[in-house]
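Input: a single structure, listed below in structure tokens.
What follows draws every value from the coordinates through simple rules; no lab data is involved. What you see is a predicted model, and the numbers here were worked out from it, not measured in a lab. Every residue, glycine among them, receives a Cβ derived from its backbone with ideal geometry; neighbour counts consider all protein chains shown.
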Amino acid sequence: MTVLRSLAVLFFVLAALMFVSESIASFADGASFRMRSFGEWWYAFSPSSLNGAQAFVQRYLWPGLWDPGVIWFLRLPGIPVAAGLGAVLLAISVARRR
């Protein structure tokens, strides 16, 4: 199994775990299903790595890339983003194989 395919599977599993945890949390609260953003998930998992990613992008890549681009990406719903990244990585790994 290639590295890209392994990462794709990891993102699919992450999306499934996000869905299950959101479902359990909404069931426990008695509220309707709510999808948290990808940034909320990342911050809940590891705030220091999110802060480090911001510092890296602003310091070494381009400061203007973080505010309109990455912030927009982090505000997207987390489950479709994780599943979409998995699908893109899987498609790339299949295309590279041929």
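Would you check which residues across the range 34-61 are surrounded by 15 or more Cβ atoms within 10 Å (Cβ to Cβ) and either among the polar types (S, T, N, Q) or more than 25 Å from PRO80 (Cβ to Cβ) (or both) and list them? Listed by number, the residues that qualify are SER37, GLN54, GLN58.
TYR43 meets all of the listed conditions (1) under 17 Å from the mean Cα position of the chain (by Cα); (2) in contact (Cβ under 8 Å) with a residue 24 or more places away in the chain but one, namely (2). Test ALA95 against the criterion of being under 20 Å from LEU7 (Cβ atoms), assigned to a helix (DSSP H, G or I) and without any contact (Cβ under 8 Å) to a residue 60 or more places away in the chain, and give yes or no. So ALA95 passes the test. Filtering the range 72-89 to residues that are over 18 Å from ALA16 (Cα atoms) and in contact with a helix residue (DSSP H, G or I) (Cβ under 8 Å, 6 or more places away or on another chain) leaves PHE73, LEU74, ARG75.
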